[in-house]
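Novice: To start, I am sharing the structure in question, which I have written as structure tokens.
The values are calculated or read from the model by the stated rules, or taken from the named source; none is laboratory data. In this text the structure is predicted, and so the values were computed from the model without any measurement. Here the Cβ positions follow ideal geometry from the backbone for every residue, glycine too, while neighbour counts run over all protein chains shown.
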């Protein structure tokens, strides 16, 4: 276990390093992009631009700039170019919004897709199976931002059942919190429900035809027992992997379109604004933030794997 | 003794292969006495044709009417988008990027501003001009919808070609040579893989949209196509590599090696044909992913750049008017969903047709 943790941490640091280099490099190789001009404003004279450039160190060699930026990020002093806000503070302040958007949505899609995928596989070829699969293929064909827009139009404007925008912190009023976040949850969950239930269904159908399932039935276990302990448990493996990654990416701000459409002040919205303004520090911090969660959840994944399957040992 | 004809999947014995041995040894019940020549039970013209896996797949696909229906829908959408220049010049009489802020049009004898003095564009007229209304620059949305479709499909198509070519190449090289190729290519793949597609796509998109690469301008359509292609390469490369690792240990590859075949020849003539069905399954899947990612990037402003339109940018533009004129956002949205849906359904059909277990599965 100690060995596992150490190796995972080493690879995590390596990956974070690589991600920061790549993102920094991407913006560094663009010839026409001059952050000094962005900071100095639209009507700045060349002298002002040069001054800003000097102040922020954009006239230094690339590796010096990189080192300086990393130092600022890890000491919590990095500011964005457009509004001169502290990026780390923005992330800290906005993270609870993203959490309350992503965590319930993830629970929703996990439970729904396991239930729907199982029903579909157990009633294969039947009415329920066809209905679920049609819904699932529709779900994976709609881009998230369009679904969010359609839900907003139908259930906030056309039928005023839900508020159209805004966020209420859970500690202020849990009922209002859930009421305001219901449509965003649905719009995030639908895509994953469609995707996961399709994958789970085909895994289950592969597994049902395995020899050990017949053996388990032959030795007298009921259908329910066999399904729950042998078939479902084995079919959940790929789902666990997918879930870890998707969840990590969403926590890192990949819900940016949902946050933008529903005007939720989470980190995704901040990243989306930064993308629109070509503001490098938030994009850089956002990418590293996401990479951090990806590494964390892939390590957790391995632990869950070992729990689900006793043959797996934590060695990687 | 009956030797089943390997070319026939129905298992009918090929009469030429019957070598007389013991009577009653065959499953067909034809009694053969040694030395006697048997009359061909499948005389000329009644011989069941040999069927290869591709033919079998095509046969299964021909019975899948749902997939065929959606294939037709997809082709109709493609043809509609290809006809965009015709629509623009002969019906709407306006180009996709022609502004007309101060213009007026005549609907049913009433003259209306294309864009009202306070900047609100006209809604759907359902006549030849401004069929779906205008945008805030007075551009015809129906024309932009069709041109946007061309953009989305073109980018999706180019990206898919990049994914298939380079994904297969990377998978083949790393799977076959392992060692050096693995050392060079795998870290790169792992890096792209562990990067969330959206973040990498967005970072590259915003960066390149501004500066372009070399001679390619920042607002060129090839930039999003290239980005989407690169981002998805590991999605094909990884499974291909796994399959190549399995195939290279198979007897027929060993046999080819023993015969003195070179590595390149083995890869192209022994391994690649065995990857064909896997790649075929990935083509529609990757096309659907690419079109969706293009819309996503364009929505965020990191994909297709002005003045070009794509379904993603049109949805994004239309979102501002969702309370007053939802069709601005819903019409391009419907086009996008129909296209991706039809690709997905056809892709499912192809997968089921190529996967022999698909038949077994349905019966369980």
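Novice: Which residue is farthest from the other protein chains (Cβ to nearest Cβ), if the candidates are limited to the stretch A:222-241 and must be more than 29 Å from the chain's Cα centre (by Cα) and surrounded by 19 or more Cβ atoms within 10 Å (Cβ to Cβ)?
Specialist: A:230
Novice: Considering only residues that are more than 10 Å from chain B (Cβ to nearest Cβ) and more than 23 Å from residue A:61 (Cα to Cα), look in the stretch A:15-47 and name the one that is modelled with the highest pLDDT.
Specialist: Filtering first and then ranking leaves A:45.
Novice: Can you name every residue in the stretch A:156-193 that is more than 17 Å from residue A:257 (Cβ to Cβ) and in contact with a helix residue (DSSP H, G or I) (Cβ under 6 Å, 6 or more places away or on another chain)?
Specialist: A:161, A:162, A:163, A:166, A:168, A:170, A:193
Novice: If you don't mind, there's one more thing I want to ask. Inside the stretch B:50-83, can you point out the residues that are closer than 22 Å to residue B:154 by Cα and at pLDDT below 90?
Specialist: B:83
Novice: May I ask you to verify whether residue B:281 is within 12 Å of chain A (Cβ to nearest Cβ) and farther than 18 Å from residue B:143 by Cβ?
Specialist: Here the answer is no, as residue B:281 does not meet what is asked.
Novice: While we're looking at this one, here's another question. Would you mind telling me which numbered condition in (1) part of a helix (DSSP H, G or I); (2) away from every other protein chain (no Cβ under 14 Å) residue B:192 fails?
Specialist: Among (1) part of a helix (DSSP H, G or I); (2) away from every other protein chain (no Cβ under 14 Å), residue B:192 violates only (2).
Novice: For the stretch A:290-303, give me the residue count where each residue is farther than 12 Å from residue A:11 by Cβ and surrounded by 24 or more Cβ atoms within 10 Å (Cβ to Cβ).
Specialist: Going through the stretch A:290-303 one residue at a time, the tally reaches 1.
Novice: Here's something else I'd like to know. Which of the residues that make up the stretch A:242-263 are in contact (Cβ under 8 Å) with a residue 40 or more places away in the chain, part of a helix (DSSP H, G or I) and within 11 Å of chain B (Cβ to nearest Cβ)?
Specialist: Within the stretch A:242-263, A:245, A:246, A:248, A:249, A:250, A:251, A:252, A:253, A:257, A:260, A:261 qualify.
Novice: Taking residue A:183 as the residue in question, decide whether it is within 11 Å of chain B (Cβ to nearest Cβ) and either in a helix (DSSP H, G or I) or closer than 30 Å to residue A:269 by Cβ (or both).
Specialist: When the stated conditions are applied, residue A:183 does not pass them.
Novice: Follow-up. Looking at (1) buried (at least 19 other Cβ atoms within 10 Å of the Cβ); (2) closer than 14 Å to residue A:120 by Cβ; (3) modelled with pLDDT of 85 or more, which one does residue A:192 not meet, given that it meets all the others?
Specialist: Of the numbered conditions (1) buried (at least 19 other Cβ atoms within 10 Å of the Cβ); (2) closer than 14 Å to residue A:120 by Cβ; (3) modelled with pLDDT of 85 or more, the odd one out for residue A:192 is (2).
Novice: Of the residues A:304, A:261, A:285, A:280, which single one is more than 24 Å from residue A:185 (Cα to Cα) and modelled with pLDDT of 85 or more?
Specialist: Being more than 24 Å from residue A:185 (Cα to Cα) and modelled with pLDDT of 85 or more holds for just one of A:304, A:261, A:285, A:280, which is A:285.
Novice: Look through B:272, B:330 and report the one residue that is out of contact with any helix residue (DSSP H, G or I) (no Cβ under 6 Å at 6 or more places or on another chain), free of Cβ contacts under 8 Å to residues at least 40 places away in the same chain and assigned to a helix (DSSP H, G or I).
Specialist: B:330
Results for (1) within 14 Å of another protein chain (Cβ to nearest Cβ); (2) out of contact with any strand residue (DSSP E or B) (no Cβ under 9 Å at 6 or more places or on another chain), shown as yes or no for each residue.
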position	(1), (2)
A:85	no, no
A:113	no, yes
A:122	yes, yes
A:130	yes, yes
A:145	yes, yes
A:157	yes, yes
A:168	no, yes
A:172	no, yes
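Novice: Could we say that residue B:277 is assigned to a helix (DSSP H, G or I) and surrounded by fewer than 19 Cβ atoms within 10 Å (Cβ to Cβ) here?
Specialist: yes
Novice: OK, next. Out of all the residues in the stretch B:240-252, is one or more within 13 Å of another protein chain (Cβ to nearest Cβ), without any contact (Cβ under 8 Å) to a residue 40 or more places away in the chain, over 21 Å from the mean Cα position of the chain (by Cα) and surrounded by fewer than 19 Cβ atoms within 10 Å (Cβ to Cβ)?
Specialist: Looking through the stretch B:240-252, none of the residues is within 13 Å of another protein chain (Cβ to nearest Cβ), without any contact (Cβ under 8 Å) to a residue 40 or more places away in the chain, over 21 Å from the mean Cα position of the chain (by Cα) and surrounded by fewer than 19 Cβ atoms within 10 Å (Cβ to Cβ).
Novice: Right, here's the next one. Does residue A:110 satisfy the criteria of being within 24 Å of the chain's Cα centre (by Cα), part of a helix (DSSP H, G or I) and within 30 Å of residue A:198 (Cα to Cα)?
Specialist: Yes.
Novice: Please state which one of B:302, B:309, B:295 is outside any helix (DSSP H, G or I), within 22 Å of residue B:142 (Cα to Cα) and touching a helix residue (DSSP H, G or I) at 6+ places or on another chain (Cβ under 8 Å).
Specialist: Only one candidate passes the filter, namely B:309.
Novice: It is to be established whether one or more residues within the stretch A:210-220 are within 13 Å of chain B (Cβ to nearest Cβ) and at pLDDT below 85.
Specialist: Checked the stretch A:210-220: at least one residue is within 13 Å of chain B (Cβ to nearest Cβ) and at pLDDT below 85.
Novice: Tally time: how many residues in the stretch A:195-220 are assigned to a helix (DSSP H, G or I) and out of contact with any helix residue (DSSP H, G or I) (no Cβ under 7 Å at 6 or more places or on another chain)?
Specialist: Qualifying residue count, the stretch A:195-220: 7.
Novice: Moving on to the next point. Which of the residues spanning the stretch A:45-83 are out of contact with any helix residue (DSSP H, G or I) (no Cβ under 7 Å at 6 or more places or on another chain), in a loop (DSSP other than H, G, I, E, B) and farther than 15 Å from residue A:285 by Cα?
Specialist: A:45, A:60, A:61, A:83
Novice: Test of understanding: among B:306, B:290, B:255, B:320, which residue is modelled with pLDDT of 90 or more, at negative phi and either exposed (fewer than 15 other Cβ atoms within 10 Å of the Cβ) or away from every other protein chain (no Cβ under 13 Å) (or both)?
Specialist: Sole residue among the options that is modelled with pLDDT of 90 or more, at negative phi and either exposed (fewer than 15 other Cβ atoms within 10 Å of the Cβ) or away from every other protein chain (no Cβ under 13 Å) (or both): B:255.
Novice: Condition first: in a helix (DSSP H, G or I), crowded, with 16+ Cβ neighbours inside 10 Å and either within 35 Å of the chain's Cα centre (by Cα) or modelled with pLDDT of 75 or more (or both). Can you find one or more residues in the stretch B:116-137 that meet it?
Specialist: Scanning the stretch B:116-137, I find no residue that is in a helix (DSSP H, G or I), crowded, with 16+ Cβ neighbours inside 10 Å and either within 35 Å of the chain's Cα centre (by Cα) or modelled with pLDDT of 75 or more (or both), so the answer is no.
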